[in-house]
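In what follows, a single structure is set out as structure tokens and then discussed.
The values are calculated or read from the model by the stated rules, or taken from the named source; none is laboratory data. Just so we're clear, the structure is a prediction, and the values are computed from it rather than from any experiment. Here the Cβ positions follow ideal geometry from the backbone for every residue, glycine too, while neighbour counts run over all protein chains shown. These accessible areas exclude ligands, DNA and RNA; they are computed on the full protein's heavy atoms, side chains included. Shrake-Rupley method; radii C 1.70, N 1.55, O 1.52, S 1.80 Å.
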Amino acid sequence: HPVAVFSSSFHKMPSNQARVVILGTGGTIAGTAATAADGVGYDAAQLSVQTLVAAVPALSEVPLECEQVAQIDSRHMSYALWQLLAQRVAHHLARAEVAGVVITHGTDTLEETAYFLHRVLAPNKPVVLTAAMRPATALLADGPQNLFDAVQTALAPGARGVVVAMAGAVDHAADVRKRHSYRVDAFDSGEAGPIACIEEGRLRLLRDWPHGAALGLDGVAHDPATWPRVDLVTSHAGADGAMVRAMAATGTRGIVVAGTGNGTVHQDLEAALREVQAQGVRILRATRCAEGGVVGEAAGALPSAGTLSPVKARIELLLELLS
């Protein structure tokens with residue numbers, strides 16, 4: 001899925017008028033099915049971002065610019081597209097007339113893209129990712145409402161940082177996870193809770209907007225094909241070290257293990273992880289549980305990912321290796 005071939009298209013507004021830039025990347029929100037009753041057998045990434053905006057009449061009075069950065073099913077997300085997306089977001093946020101950026105995205109890797117942008121950019125303006133669980137052709141498509149809510153979030157006074165706006169909630173990139181495979185309210189922030197809820201186009205703030213320390217674009221500026229390989233394994237009954245040793249043999253630079261419970265790891269898997277750690281492979285230990293993180297630090301334990309989910313711990317380790 002090449003990312004360099006997608007052209008940009010803008011709706012021009014007066015240069016002194018604050019506006020929101022909407023970056024399209026595809027996903028279910030831009031998907032279509034043969035019939036309105038089909039919410040599963042659809043083709044993702046079929047409609048342009050301009051078409052998505054045109055389907056929300058309430059946005060017609062909002063100063064908007066649209067740019068098609070990519071057109072993919074987000075399960076195929078790549079480092080090259082992450083790099084390009086971060087560059088385009090940074091470009092637009094640097095423009096004085098831009099109040100914020102909205103990104104339309106697929107749900108499968110939404111939390112990963114959000115966390116990557118949060119760690120790389122940590123912007124003082126809002127970057128709002130939104131998506132849909134139903135294609136645009138569905139009987140009750142959720143995309144138009146989510147897109148409208150995302151734009152309102154980007155325009156909210158004091159808004160900043162990378163957040164996700166879906167199903168009437170605004171969640172911080174560091175906390176949000178996809179927790180259901182099908183329902184329209186598939187995302188939440190677990191124990192942390194949402195930053196805000198969206199009620200009739202207005203935000204009701206529940207906690208402070210996020211802060212973060214930006215790593216900057218320099219670390220991710222070189223060819224994504226050269227970025228270090230970081231793998232993910234899961235501890236489970238009967239686990240052994242075969243996959244870990246195979247990963248090390250094929251050049252992995254880092255491994256995140258999704259442990260059971262409070263980050264516990266099967267003894268045979270742990271032995272292999274310590275073996276490759278001694279060879280220079282970086283290890284992080286997360287939990288495969290949907291709620292909570294790795295609490296406490298036993299003497300000699302493998303390094304902890306804290307409250308990060310396994311997929312976000314993998315991004316954190318990737319960025320550490322890039323720095």
Just one of Leu129, Leu147, Leu85, Leu110 is touching a Phe, Trp or Tyr at 6+ places or on another chain (Cβ under 8 Å) and either of a type in the set (Lys, Arg) or open to solvent by less than 10 Å² (accessible area, probe 1.4 Å) (or both); which is it? Leu110
I'm told Ala136 meets every condition in (1) crowded, with 24+ Cβ neighbours inside 10 Å; (2) in contact with a Gly (Cβ under 8 Å, 6 or more places away or on another chain); (3) among the small types (Gly, Ala, Ser) except one. Can you identify the failing condition by its number? (1)
Residues of the range 176-214 classified as in a loop (DSSP other than H, G, I, E, B), open to solvent by less than 90 Å² (accessible area, probe 1.4 Å) and in contact (Cβ under 8 Å) with a residue 40 or more places away in the chain, total: 10
What is the number of the single condition among (1) open to solvent by less than 40 Å² (accessible area, probe 1.4 Å); (2) assigned to a loop (DSSP other than H, G, I, E, B); (3) not charged (D, E, K, R) that Ala272 does not meet? (2)
Residues that are free of Cβ contacts under 8 Å to residues at least 40 places away in the same chain and either outside any loop (DSSP other than H, G, I, E, B) or surrounded by fewer than 21 Cβ atoms within 10 Å (Cβ to Cβ) (or both), drawn from the range 291-306: Gly293, Val295, Gly296, Glu297, Ala298, Ala299, Gly300, Ala301, Pro303, Gly306
For the range 257-265, does any single residue satisfy the condition of being buried (at least 17 other Cβ atoms within 10 Å of the Cβ), within 30 Å of Lys125 (Cβ to Cβ) and not acidic (Asp, Glu)? no
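Can Arg245 be described as of a type in the set (D, E, K, R), touching a helix residue (DSSP H, G or I) at 6+ places or on another chain (Cβ under 7 Å) and either open to solvent by 40 Å² or more (accessible area, probe 1.4 Å) or closer than 18 Å to Pro228 by Cβ (or both)?
The answer is yes for Arg245.
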From Glu67, Glu61, residue being among the acidic types (Asp, Glu) and at pLDDT 95 or above: Glu67
Which number in (1) open to solvent by 40 Å² or more (accessible area, probe 1.4 Å); (2) in contact (Cβ under 8 Å) with a residue 60 or more places away in the chain; (3) touching a Gly at 6+ places or on another chain (Cβ under 6 Å) marks the one condition that Arg314 misses? (3)
Residues located in the range 140-162, provided they are among the aliphatic types (A, V, I, L, M) and part of a loop (DSSP other than H, G, I, E, B): Leu140, Ala141, Ala156, Ala159
I'd like to verify a number: residues in the range 75-119 that are in contact with a helix residue (DSSP H, G or I) (Cβ under 7 Å, 6 or more places away or on another chain), more than 18 Å from Ala225 (Cα to Cα) and in a loop (DSSP other than H, G, I, E, B), how many? 5
The one condition in (1) farther than 15 Å from Val151 by Cβ; (2) open to solvent by 50 Å² or more (accessible area, probe 1.4 Å); (3) at pLDDT 95 or above; (4) out of contact with any Asp or Glu (no Cβ under 8 Å at 6 or more places or on another chain) that Thr25 fails to fulfil: (2)
Restricting the first residue to the range 53-65 and requiring it to be outside any loop (DSSP other than H, G, I, E, B), which pairs with a second residue that is surrounded by fewer than 16 Cβ atoms within 10 Å (Cβ to Cβ) meet a Cβ separation below 8 Å and a spacing of at least six or different chains? Ala58/Gly201; Leu64/His11; Leu64/Met13; Glu65/Phe10; Glu65/His11; Glu65/Lys12; Glu65/Met13
Contact list please: Cβ distance under 6 Å, first residue in the range 68-81 and under 12 Å from Glu112 (Cβ atoms), second residue open to solvent by 40 Å² or more (accessible area, probe 1.4 Å), pairs at least six apart or on different chains. Ser74/Asp108; Arg75/Asp108
Test: residue in the range 166-173 that is on the phi > 0 side of the Ramachandran plot, surrounded by 12 or more Cβ atoms within 10 Å (Cβ to Cβ) and in contact with an Asp or Glu (Cβ under 8 Å, 6 or more places away or on another chain): yes
